[in-house]
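Below: one structure, written as structure tokens.
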Amino acid sequence: MSPDMVIKLAEQSIYTILMIAGPMLLLALGVGLLVSIFQATTQIQEQTLAFIPKIVAVLLSLVIFGPWMLTLMLDFTNQLFRNLHRFIG
């Protein structure tokens with residue numbers, strides 16, 4: 001396996017990870033920002049108020065984007081298995 005193949009495989013892996021985790025992270029970030037603005041305006045400093053909405057947002061994004069994320073993971077895994085002979089030899 002050449003160094004170019006290793007770099008290409010690492011690049012594809014990182015891209016796949018970012019694509020899978022991206023929607024959940026962006027929704028958690030957006031909800032956290034909204035809750036922080038709400039807490040700042042109302043001066044409520046309750047920790048669970050910031051924590052629970054983010055968990056709910058991540059779970060909802062998992063339900064909404066789950067099939068798409070699973071398809072990405074399966075495509076990447078199938079590509080790895082199809083090219084396994086090139087990685088070993």
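All of the numbers you see were taken from the coordinates with simple rules; none came from a lab. Bear in mind the structure is a predicted one, so any value in this text is a computation, not a measurement. In this analysis, Cβ positions are derived from the backbone assuming ideal geometry, glycine residues included, and neighbour counts consider all displayed protein chains.
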Query raised in the report: If we scan segment 2-16, do we find a residue that is hydroxyl-bearing (S, T, Y) and more than 16 Å from the chain's Cα centre (by Cα)?
Result: yes
Requested in this report: Could you tell me whether A50 is within 12 Å of the chain's Cα centre (by Cα) and of a type in the set (G, A, S)?
Outcome: no
Requested in this report: Could you please find all residues in segment 1-57 being assigned to a loop (DSSP other than H, G, I, E, B) and small (G, A, S)?
Outcome: S2
Report task. State which residue pairs qualify: first residue within 12 Å of L59 (Cα to Cα) and inside segment 16-33, second residue aliphatic (A, V, I, L, M) and surrounded by 14 or more Cβ atoms within 10 Å (Cβ to Cβ) in any location, beta carbons under 7 Å apart, and separation of 6 or more residues or different chains. Result -> M24/V58; L27/A57; L27/V58; A28/A57; A28/V58
Query raised in the report: Failed condition for S2, given (1) of a type in the set (S, T, N, Q); (2) within 30 Å of R86 (Cβ to Cβ); (3) surrounded by 10 or more Cβ atoms within 10 Å (Cβ to Cβ), with all others met?
Result: (3)
